[in-house]
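Below you'll find the structure, written out as structure tokens, and then a few comments.
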Amino acid sequence: MQRTPITREGYGRLLAELQRLQKEERPAIIKAIEEARGHGDLSENAEYEAAKDKQGLIEGRIKDLTQKLSECEITEPSENDDGRAIFGRTVVMEDLETGDVATYRLVGPYEADVQAGTISVTSPLGKALIGKEEGAEVQVQTPKGKRTFEILEVQV
């Protein structure tokens, strides 16, 4: 089985979500289903249908998180400061066409969130950045077309 890299923090977040779903959300929805069931005819009971739908979503997410956690391997970022963009490092880069500067931490695919400033090492941009040093230019095919970025800084 292929192991998926994840930071210790990312693993902790997934595990905390799984535990919350199992210990809080699941019992709460079971209780809500029981209460809705007590309201009579289930064929016309919107509360019951909504609770069953929510239960399906919760159970699906529990299954998804359990699968992901079983595939994860906590990978510690290297403390070696050789200036290269590697897993766990933060990269500051400039889009050479627009002049926009962006900062992203390179993480595993299960914890990537562009809005939170993290990108997966398996994404096209992540793959292009891995192993590169400050001053390097990388080309990446994006939804907006081929872009060229310059790595301004690699932070340990």
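Values quoted throughout were computed directly from the atomic coordinates according to the rules given, and no laboratory measurement underlies them. Remember, it's a predicted structure, so these values are computed and weren't measured experimentally. Here the Cβ is made from the backbone with ideal geometry for all residues, glycine too, and neighbour counts use every protein chain on show.
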* Structure fact -> Taking Cα atoms only, helix 26-37 is inclined relative to the longest principal axis of the chain by an angle, in degrees rounded to 10, of 30 degrees
* Structure fact -> Expressed in nanometres to one decimal, the distance between label points 7 Å along Cα→Cβ at V114 and K23 is 3.5 nm
* To the nearest 10 degrees, how steeply does helix 46-71 sit against the main Cα axis of the chain, on a 0 to 90 scale? -> 40 degrees
* Using alpha-carbon pairs under 8 Å, 6+ residues apart, how would you state the relative contact order of the chain in percent? -> 23 percent
* Any chance you could give the angle, 0 to 90 degrees and rounded to 10, that helix 8-20 forms with the longest Cα principal axis of the chain? => 10 degrees
* **Neighbour-count order for S70, S123, S78, fewest beta carbons within 10 angstrom listed first** => S70, S78, S123
* For the chain, give the share of DSSP beta bridges that are antiparallel, in percent and rounded to the nearest 5; count only bridges with both residues there. => 75 percent
* To do: Report relative contact order for the stretch 90-155 in percent, whole number only (criteria: Cα-Cα under 8 Å, sequence separation at least 6).
  => 35 percent
* In what order do V140, V154, V121 fall by count of nearby beta-carbon atoms within 10 Å, going from fewest to most? -> V140, V121, V154
* To do: May I ask you to list the aspartates and glutamates whose Cα is less than 15 Å away from that of K63, ignoring any residue fewer than eight positions away on the same chain?
  => E17, E25, E71
* Residues with amide H under 5 Å from that of T118, placed H, sequence gap 5 or more -> R105, D113
* Asked: When K63, K127 are ordered from fewest to most other Cβ atoms inside 10 Å of their Cβ, what list results?
  -> K63, K127
